[in-house]
Each structure stands twice: as C-alpha cells, then as structure tokens.
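Visitor: For reference, the structure I am asking about is given below.
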Amino acid sequence: MHYNGEHLLQGQLGHFLAVLSLASSLVATISFYKANKANNPIEKSSWLKYARISFLIETVAVFSIFAILYYLVANHYHEYFFAWNHSSRSLQPKYLLACIWEDQSGSFLLWNMWHCVLGWIIIWKQKKWEAPLLTVINFAQFCLATMLLGVYIFNVKIGNEPFILWRNHMPDLPLFTNPDYLQLPRVFEGNDLNTLLQNYWMVIHPPILFLGFASTIIPFGFAYAGLVNKDHSWVKSSLPWAGFSAAVLGTGIMMGAAWAYESLSFGGYWAWDPVENASLVPWLTLIAGLHTNIIYKSTGYSLRSTYFFYIISFVLVLYSTFLTRSGILGDTSVHAFTIDDKNVVAFYSQLIGFVLVFFIPAMWLFFRNYKTIPSIQKEESSYSREFWMFIGSLVFFLSAIVIIFKTSTPVFNKVFKTNIAPPEDPELAYNQIQIFVAIIIGLLTAVTQYLRYKDTPKNVFSKKIILPTVISFLVSIAISVFGNIQYDKHGIVFLGAIHVAIFAAVYGVIANASYIWLVLKGKIKAAGASVAHVGFALCLIGILISSSKKTVLSWNTTGVAMFKQEKNENPAENITLFKGIATDMGKYMVTYAKDTFNAGERKRFYEIHFENKKTKETFNLYPDVIKNNKGVEGFAANPASKHYWNKDIFVYISSFQQNKKDDTAHFQNHELKVGDTIFYSSGFIVLKSVDVNPVAKKDKYAADESALFLNLDIVAKDGRRYIATPGIALKNNQVREMPDSVVSQSLVLKFNNVINGDAGKLEIGVKESSSITDLVTLKVYEFPMINVLWIGVVIMVIGFILSIIQRNRKSALTAV
C-alpha cells in the first residue's frame, strides 16, 4: 500500500547514520587502543591518524542524527513514532528540544554528543593521554550507539531506533489500513510532550546533567590509562577534569532540584526520589575521588583510593542509567522511564551489560595491579590535612553506599524474589542517616584546611582555629534560638542533630571564609577550594533551615474539603477559596481573584491575591494547572512562589472546581417578614430589614422606578456571616427582579413579591446551585532561608571554576 504524505528519506538517512556511528566508534576504539599499545612512534602515529578520522566520522554522524531527529520533531513528521509520541502541533516551539530527551534513545543521543565534544577537547589538550582516554570514550560510544540501533539479532532486539516508522512499530493498528492515516486527527495532532516536562528547566537541565554524566568517563579513563600503561603521573592531568565533572554534575543535579521546586507539587526541591538519588550517588563518590587525588598529588598517599573512586563513579553513572531506564523504578519515581513490555528482557540485558562491560574489566585491572600502585606504608599523622581529607572522602563514600542500597530495593526484590517494602516515611529513612553525614562533613570542611600536609604543630593549629570556632558557636546558637528551630516531628534526638548540623554548617562557612582572609590574605584566585567549601556549607545551612522551618500556611479555615485524606495530601492543610471571597489564612488574607486559560501554554492560570494582615503588603501569585496526557488522568499542578531575601511563599493548586454545566436547581419559595428566619442546607437566613429606594443602591434602578431591597443576614454552619440584598424595581405595574448571590454558600436569592404589605409578609426565592461556585483548594508553604541554598550552589560552582583555573595555570607553568 502506498501511504500519502510520508517523508521516508530522512528516516533512511538517520538509520544509516546510526549504523555509521556504531561502526566508526568500534573502529575508533580499536585504533586508539592500538595506538596506546604501540611502542614505535611511526606505528603509533599511523594508528592515531586512523583513530582520529574514525572519531571525526563518528562525531559528524552523531550530530547529524540529532539534527535529523530535531527536524522530524519540529516539522511534525508523525509517520515516525518518535515524532508522534513525543510532540504535538499545539506544543510551544520552545519545548521541542525537551521532546528529544523525553525518549530513551534521545537521551542516549545527548550523552553521545557530549562524549564527542569532550573527546575533541582531550585530543586538543591531552596529547599524552589521548590514546587511552579516547579508547574508553569510543568504547562507551559504541555501547551507546547500540541503544539507537533497533535491530533484531537472533530474535533479540538491540536498542530502540528513533527513526522507525509508526506503521512498522505498531503494524497491527487498524488506522494503517488507511493510506491517508496521517490526516486522521489523532495522528495529525501528535501524542504531545509529557506535561511535567513542559517547563523551561526541562530544556536546560538535562543537557547540563548529561554533560555531568558524560564527563565522569574522563577520570575513569585516566584511571584506566594508569592501570594499563602502569603510569601514575595522570593524577596531575586528571584534577581539573575531575573538578569540572564534579562542578557540572552538581549543577545539573541542583537544576533538577530547581525544576522539582518550580514544577512539582510535593512542596520542596528534594524528596529522596530514586532518580534523584541515582544522580547524587556518583557525585558523592566523585567528590571523594577528587579529594584523594589532591591527597596523592600533595603527599603520595591515597592513590589506590583515587583509582577506586574514579572507577566506581563512572560505574555508578552506568548503574543509575540502568535504574532510571530499565523501568524498574516506574512505580517509585516520577522521573523514571518506562519501557515496552515486549522488549523488557532484552533491554534489561543490554543495560546490565553496559554496566558490567565497564565494571568487570576495570575492577580486574584494579585488583591485578593493586600491589604495584604506589602506596606509603607509614601511617598519616592525625594532625595532618591528608588524614582528615581521607576520612571525609570515606564518609562521602559510605553516604553513597547507604543511599544506593536503599534506592536499589526494587532491584533486590526483582533479583532475589523478595518483597522488601519501602519505608513508610522515605524522607526520614534517609535523613536520619544523612544528618550525621552533614555534621561530619561540615566539621571536616571547617577544620581540615587549617591543617598542613604531613603534620601540623598543635599550638599553630589551635591558634588559627580558635577564633572561627568561637564565632561559629555564637552564630549557630543565635540561629537556633532566635530562629526558633523547633522541628520535633521525629523526636528530641533528631532535633538535637539538626542543631548540631547547623553549627557544623555555620562552622564550615565561617572557618573557610576566615581561611581565605587570614591565611590566604584575601587572594580569591588561589582560594578555589575554600570558596567551594563555603558554598557547600551554605547549601547545608539552606537545606537544614528551609526543611526544618518549612511551615504550612494554608490550614483549612473554611470547613470545605474538596478531597479526602490521601497519602501525600491532608485536606486540613489545604485551604478552599471561593472566587472573589477574601479568606483568612493566618498571616494573610487570600482571595481567588480570577482565572484565565492560556491557549499557547495550554494552562489555566489562577490569580491568587495575598494581603499581609500585619504589614498590609499585597502581591499576586499565579499557580497553574495543565491537563495530564500520556494516559494519565486529571491535571498536573505547577507551583508559583513569591521570593523574599529570607523566605519563599510557595503555593500550588491541589484541587479546583469550575462550573460550566447547566443550572438544574430550582428556587424554593418562602414566606417571611422582618425578623423571621429560614434555613438552607449549610446555615440559616434572617430578614433584617426592607429598604425602599435606598440611596446606596441607586445604581441598580432607574430614576422613574420604585425599588425595594431586602437586607438578608446569612449565617453559615462554620459561623461565617454574609450579607445579601436581592431586590425588585417597579414601573407601570411591571416588576424587574434583581437577584443576589452568595457564591461561597452556593446561594442565589431573589425577592419575588409583597404578599401582604400591611402585615409585612413577603416572598423570597432561595436556590442552592453549585453551578455558580468556582473554587480552588491551595497548598501554601513558607520556606525560610531557601535562597541560602541556591546562593550556596552558585558559590560552590564558582569555587570549582576557580580551582580548575588555578590547577590549569599550575600545569601550564610546570610544562614550561
């Protein structure tokens, strides 16, 4: 059958390029390996020439694949399953890049691209280590290229081809009996991008995170080079690269935290989600390796540890890839990929093979060469810098082990057929251990730089450390007391640990700042490590205060609950607002002012007006909701925040009701006179008075009309009082009704007529109609000092950059 409107050339070219990248990466791997093994300079040069040509072909192929894939998505060529499944014609163009890395193959391609970029930088800058490093990178490229193949070998599918036609991917669908299937509405529009990814952070966060992942292969490659060539001088060249990798990976992780804070509605930036953990663990071991690398460069200690940490960091990146892409975390993480059940076994095997093909040979090389790796047998002094740096590295590593074991519970259940249940409170399960890690690392960050390598006289150390210690103690006491940190949710011991951790973090900031000023004489360019430590300690302060002082502001004072108690939501912590009605919310009066639908964003934005009852400050926040897609029911909420220097007011929509349906309720008529009471389902109504031609209502009736208005006092069950003034206007025996409503009570009231004027008997109509009620339910938090966290991240990255520049400068001077 001939299908109309299909564009086949782009897919055929894309598939050819995928095969070309696979072949060229294999040739480059072999050629770089041969170049590394060659002793003859001419032979080495020849192999390097072949290797570079192959790597160039591979690079062109990889970037061309990305360009074609983007072209298919941007032009909505929905004959390709990739383009149909991850985009739509109504999607804003600014999110098109996110469509690529929503898919497994697209994110592997992004990883592939970064390897190409890093590889050329190594060829440019690291001539001595080019061959072994590019051997490792190209072998990783070969493994990643298999993820894009989508071919069957002995009935086993290898990878997922992004250029497969939809009709070939799902040939049994009835729609493919139609030669004009591309014009069918469902096909023409597209399946859209996941609503959670329709955020600007999802355009910039994944590329940074994947650059961090990709860059971990370079310290790994240096370790491989040292073991294979039995040359341990790589430790000087590896330091700037390890610092770069740590900086970029850390930035990517915290960008993910910022995305979660701005886009997810769990009320925070970190929830110990398994995918969050999987990215954090390699960073922890990489930081451990960076510090042991510095130890070896300065003292000759800890080279074996450096080898191990660099190897395990990249292996943990590969393991995190297995965790997040195998679908095994699909029930425990909002971030995890899901996979087609038909290919689950093959894809599992491919991902596990990706991990093992690096882990097993690297560990075999490590243990085979273990005894030949230089090691000083003499014990370090406990008053030496290297001793406590090693302890800190060990703490980072143990922290990583605890996190990865807890995160791997679904893997253990799958492999060993167990049924280990996740903890009832996942955050507490992690925090009760990591709080003590924070204490130890905070203290070591503060103290260690005041120690010298090899040994430090006690009196010299004490003299320098005493002032920062005293100042830190006083500042932390002030924070604990005047900051009113009373987080007793998990008992007095945990609260005590929080206060100790605050001291340790404050100590880290003040001691490192003092070191820059007193020891380094304010030379910031030479203070990269201290600046990074200040940033890290500020992160700890921000985490500790914002988490322990996070306060729910939206306690429900209306008595109206829009949903029942759920695992993640408590209706008592969500306030219901009726449109146009100012509602008391503790520190603030809040009003649901209006809502508007943005057709471009496909989001409904709610204008929530806040007024501080004490200061009278006012501001508006605009949280939004967007309809879920990809088979998920309901709506996804995107929070909004008001930023102050010392806190954030964080709000999201937890429920909403918009009444666009027809009004089927009827008026119930009641006779009454002044002073009488009638009842409705949620309270009672009292007629207080009847006003004739009231001046205050003159805009409601014409000059030649006579008007009567009822003054009704409505008292709800929760004690709230409302005023309603329905009326009638009379002219030439014609009656014009002027009903009134109380939206928050779903009441419509009208003045029907005067039954007996002499007796004062009147008739009113009362209708209870939910169709007049628009309402929202909000969750509102106050996050004190959360900006300290974000500032700390920026300062830490600046510290890494300063360290990289400083070490590159030293390397250049050494080379000269």
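The values are calculated or read from the model by the stated rules, or taken from the named source; none is laboratory data. Source: prediction; values computed, not measured. Because the Cβ atoms are built from the backbone with ideal geometry, glycine has one as well, and the counts that use them run over all protein chains shown. Heavy atoms of the whole protein, side chains included, go into the accessibility calculation; ligands, DNA and RNA do not. Shrake-Rupley method; radii C 1.70, N 1.55, O 1.52, S 1.80 Å.
For (1) closer than 17 Å to LEU264 by Cβ; (2) assigned to a strand (DSSP E or B); (3) modelled with pLDDT of 95 or more; (4) not charged (D, E, K, R), each residue gets a yes or a no:
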residue: TYR592; (1), (2), (3), (4): no, yes, no, yes
residue: THR596; (1), (2), (3), (4): no, yes, no, yes
residue: GLY600; (1), (2), (3), (4): no, no, no, yes
residue: HIS609; (1), (2), (3), (4): no, yes, yes, yes
residue: THR615; (1), (2), (3), (4): no, no, no, yes
residue: PHE619; (1), (2), (3), (4): no, yes, yes, yes
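Visitor: Any chance segment 136-148 includes a residue that's under 29 Å from LEU197 (Cβ atoms), surrounded by 15 or more Cβ atoms within 10 Å (Cβ to Cβ), in contact (Cβ under 8 Å) with a residue 12 or more places away in the chain and touching a strand residue (DSSP E or B) at 6+ places or on another chain (Cβ under 9 Å)?
Guide: Within segment 136-148, one or more residues are under 29 Å from LEU197 (Cβ atoms), surrounded by 15 or more Cβ atoms within 10 Å (Cβ to Cβ), in contact (Cβ under 8 Å) with a residue 12 or more places away in the chain and touching a strand residue (DSSP E or B) at 6+ places or on another chain (Cβ under 9 Å).
Visitor: Right, another one. Hey, among LYS157, LYS125, which residue is under 24 Å from PRO207 (Cα atoms), surrounded by fewer than 19 Cβ atoms within 10 Å (Cβ to Cβ), among the charged types (D, E, K, R) and under 35 Å from the mean Cα position of the chain (by Cα)?
Guide: When all the criteria are applied, what remains is LYS125.
Visitor: Would it be correct to say that THR773 is within 30 Å of ALA636 (Cα to Cα) and at pLDDT 90 or above?
Guide: no
Visitor: Can I ask one more? Given the criteria modelled with pLDDT of 95 or more, over 27 Å from PHE210 (Cα atoms), open to solvent by less than 20 Å² (accessible area, probe 1.4 Å) and of a type in the set (D, E, K, R), does GLU58 qualify?
Guide: No, not satisfied.
For (1) under 30 Å from GLY765 (Cα atoms); (2) of a type outside the set (S, T, N, Q); (3) open to solvent by 30 Å² or more (accessible area, probe 1.4 Å), each residue gets a yes or a no:
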{"residue": "THR618", "(1), (2), (3)": "no, no, yes"}
{"residue": "TYR622", "(1), (2), (3)": "no, yes, yes"}
{"residue": "PHE635", "(1), (2), (3)": "no, yes, yes"}
{"residue": "ASN638", "(1), (2), (3)": "no, no, no"}
{"residue": "ILE649", "(1), (2), (3)": "no, yes, no"}
{"residue": "TYR652", "(1), (2), (3)": "no, yes, no"}
{"residue": "VAL686", "(1), (2), (3)": "yes, yes, no"}
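Visitor: Determine whether segment 434-443 contains at least one residue that is of a type outside the set (A, V, I, L, M), touching a residue at least 24 places away in the same chain (Cβ under 8 Å) and open to solvent by less than 40 Å² (accessible area, probe 1.4 Å).
Guide: yes
Visitor: Within segment 11-29, is even one residue open to solvent by 40 Å² or more (accessible area, probe 1.4 Å), in the same structural domain as ALA83 (by TED's automatic domain parsing) and farther than 21 Å from CYS143 by Cβ?
Guide: yes
Visitor: How many residues are without any contact (Cβ under 8 Å) to a residue 40 or more places away in the chain, surrounded by 15 or more Cβ atoms within 10 Å (Cβ to Cβ) and either among the basic types (Lys, Arg) or closer than 14 Å to VAL735 by Cβ (or both) when one looks only at segment 701-717?
Guide: 3
Visitor: Here is a further query. Output yes when any residue across segment 220-227 is under 21 Å from the mean Cα position of the chain (by Cα) and open to solvent by 10 Å² or more (accessible area, probe 1.4 Å), and no when none is. Explain how you work it out, then say what you get.
Guide: Going residue by residue through segment 220-227, those that are under 21 Å from the mean Cα position of the chain (by Cα) are none.
Within segment 220-227, none of the residues are under 21 Å from the mean Cα position of the chain (by Cα) and open to solvent by 10 Å² or more (accessible area, probe 1.4 Å).
Visitor: Among the residues in segment 769-779, are any among the basic types (Lys, Arg) and open to solvent by less than 10 Å² (accessible area, probe 1.4 Å)?
Guide: Yes: one or more hits.
Visitor: Would you mind stating whether TYR200 is among the aromatic types (Phe, Trp, Tyr), in contact (Cβ under 8 Å) with a residue 24 or more places away in the chain and open to solvent by less than 20 Å² (accessible area, probe 1.4 Å)?
Guide: Criteria not met by TYR200.
Visitor: May I ask you to list pairs of residues, at least six apart or on different chains, whose Cβ atoms are under 7 Å apart, with the first in segment 411-425 being under 22 Å from ARG325 (Cα atoms) and the second being open to solvent by 90 Å² or more (accessible area, probe 1.4 Å) and not hydrophobic (A, V, I, L, M, F, W, C)?
Guide: ASN413/ASN419
Visitor: So, in segment 742-783, exactly how many residues are assigned to a strand (DSSP E or B) and in contact with a helix residue (DSSP H, G or I) (Cβ under 6 Å, 6 or more places away or on another chain)? Reasoning before the result, please.
Guide: From segment 742-783, those assigned to a strand (DSSP E or B) are 742, 747-756, 761-768, 775-783; that's our starting set.
Applying the additional criterion that residues be in contact with a helix residue (DSSP H, G or I) (Cβ under 6 Å, 6 or more places away or on another chain) yields 783.
Adding up the residues that qualify gives 1.
Visitor: Is there any pair linking a residue in segment 610-636 that is without any contact (Cβ under 8 Å) to a residue 40 or more places away in the chain to one that is of a type in the set (S, T, N, Q) and open to solvent by less than 60 Å² (accessible area, probe 1.4 Å), with Cβ under 6 Å and at least six apart or on different chains, and which?
Guide: Short answer, once both residue conditions are applied: ASP624/ASN638; GLY634/ASN628.
Visitor: Counting residues that are under 26 Å from the mean Cα position of the chain (by Cα), which helices (runs of 4 or more DSSP H) fully inside segment 409-503 reach at least 1?
Guide: Here the list reads 409-416, 426-447.
Visitor: Just for helices (runs of 4 or more DSSP H) wholly inside segment 39-132: which have at least 3 residues that are assigned by TED's automatic domain parsing to the domain that holds VAL19 and of a type in the set (Val, Ile, Thr)?
Guide: The qualifying helices (runs of 4 or more DSSP H) are 41-74, 104-125.
Visitor: I want to confirm something. Restricting to segment 250-268 and keeping residues that are open to solvent by 20 Å² or more (accessible area, probe 1.4 Å) and of a type outside the set (Val, Ile, Thr), which single residue is nearest to ALA637 (Cα to Cα)?
Guide: SER265
Visitor: Quick check on TRP114: is it surrounded by fewer than 22 Cβ atoms within 10 Å (Cβ to Cβ) and under 27 Å from PRO240 (Cβ atoms)? Quick ask: steps written out before the conclusion?
Guide: Working: surrounded by fewer than 22 Cβ atoms within 10 Å (Cβ to Cβ): yes; under 27 Å from PRO240 (Cβ atoms): yes.
Yes; evaluated as a whole, the condition is true for this residue.
Visitor: Quick check, is LYS642 in the same structural domain as VAL742 (by TED's automatic domain parsing) and in contact with a strand residue (DSSP E or B) (Cβ under 9 Å, 6 or more places away or on another chain)?
Guide: No.
Visitor: Inside segment 514-565, can you point out the residues that are free of Cβ contacts under 8 Å to residues at least 24 places away in the same chain and either within 20 Å of LEU451 (Cα to Cα) or assigned to a helix (DSSP H, G or I) (or both)?
Guide: Answer for segment 514-565, where residues must be free of Cβ contacts under 8 Å to residues at least 24 places away in the same chain and either within 20 Å of LEU451 (Cα to Cα) or assigned to a helix (DSSP H, G or I) (or both): ILE516, TRP517, LEU520, LYS521, GLY522, LYS523.
Visitor: Please go through segment 589-604 and give me each residue that is surrounded by 17 or more Cβ atoms within 10 Å (Cβ to Cβ) and more than 29 Å from the chain's Cα centre (by Cα), ordered by number.
Guide: THR591 - this is the single residue of segment 589-604 that is surrounded by 17 or more Cβ atoms within 10 Å (Cβ to Cβ) and more than 29 Å from the chain's Cα centre (by Cα).
Visitor: Filter segment 183-196 down to the residues that are out of contact with any Cys (no Cβ under 7 Å at 6 or more places or on another chain) and either of a type in the set (Val, Ile, Thr) or surrounded by 20 or more Cβ atoms within 10 Å (Cβ to Cβ) (or both) and list them by number.
Guide: Taking segment 183-196 first, the residues out of contact with any Cys (no Cβ under 7 Å at 6 or more places or on another chain) are 183-192, 194-196.
Those that are out of contact with any Cys (no Cβ under 7 Å at 6 or more places or on another chain) and either of a type in the set (Val, Ile, Thr) or surrounded by 20 or more Cβ atoms within 10 Å (Cβ to Cβ) (or both): VAL187, GLY190, ASP192, THR195, LEU196.
Visitor: Report the residue count in segment 236-245 for those that are among the aliphatic types (A, V, I, L, M) and either within 20 Å of PHE358 (Cβ to Cβ) or open to solvent by 10 Å² or more (accessible area, probe 1.4 Å) (or both).
Guide: Final tally of qualifying residues: 1.
Visitor: Does segment 30-43 hold any residues that are over 12 Å from LEU134 (Cβ atoms) and open to solvent by 70 Å² or more (accessible area, probe 1.4 Å), and which are they?
Guide: Within segment 30-43, LYS37, ASN39, ASN40, PRO41, ILE42, GLU43 meet the criteria.
Visitor: Quick check on segment 484-493. Is at least one of its residues farther than 22 Å from MET785 by Cα, polar (S, T, N, Q) and surrounded by fewer than 24 Cβ atoms within 10 Å (Cβ to Cβ)?
Guide: Looking for residues that are farther than 22 Å from MET785 by Cα, polar (S, T, N, Q) and surrounded by fewer than 24 Cβ atoms within 10 Å (Cβ to Cβ), one finds none in segment 484-493, hence no.
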